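Everything on this sheet refers to the single structure shown next.
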Amino acid sequence: MSNPSNESPLPIHQDEARHLLALGGGLPGALNLLLQQFNVLQTRAQLLLTVATLALTITGFSGPRVAAAGDFQRYAMAAGLALVLASMLFIIGGSLRIRWVTQFRAPAGGDDAALVARIVCYRERKTRFFFAELCLLLAGLTAYVAALIGYFLFGMAA
């Protein structure tokens, strides 16, 4: 099976692979360390999804009233919801997408370090994707909170 990403492992990935093999005492230990790291990404992605779900749920109760308070509140609420939804879609299609470590194969003529380097490269790609998901969610929550602040400051009297 080919590299699951379109990226080739960089020298930094190969250095980390050798380091993981040394730390883990060989391939089984290195894979165990990587599995723990993937578990951290998975758990954090689930947390982001929970926060996003809460934002959407709360909006069902208070959103119409906040949006009716004025243009700023309406547009900020809409932007916030769109960004939160986008983050949820990215989380479901990205960080929570499953790719089993056993699907990775060392390149032809490669050794354990080459295999671990491919997995490290994939982990780094998932980590970058997680960061983008987090940024989308934070931007959405910021716009959502801005709508609420606008409502509290200017919209409640309307």
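Computed from the coordinates by the stated procedures, all read-outs in this text should not be read as laboratory data. Just so you know, these numbers come straight off a predicted model, no measurement behind them. With ideal geometry, Cβ positions are generated from the backbone for all residues, glycine too; neighbour counts draw on all protein chains shown.
Tabulated results
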quantity	calculated
Angle between the chain longest axis and helix 11-24 axis [Cα atoms, degrees, rounded to 10]	70
Residue order, fewest to most surrounding Cβ atoms within 10 angstrom, among 91, 98, 12	98, 12, 91
Helix axis angle, 71-93 relative to the chain longest principal axis, alpha carbon, degrees	20
Loop-located chymotrypsin sites (Phe, Trp or Tyr not before Pro) in segment 57-122, at most 14 other Cβ atoms within 10 Å (DSSP)	100
Extension gain, residue 128 back to residue 65 (0.36 nm per residue minus Cα-Cα distance, nm)	19.0 nm
Zone of residue 57's modelled label, taken as backbone nitrogen in segment 72-94 under 19 Å from a point 7 Å along Cα→Cβ	81-82, 84-89, 91-92
Where Rh is the Kirkwood radius over Cα pairs, Rg/Rh for segment 52-132	1.29
Angle in degrees between helix 112-150 and the longest Cα principal axis of the chain, rounded to the nearest 10	10
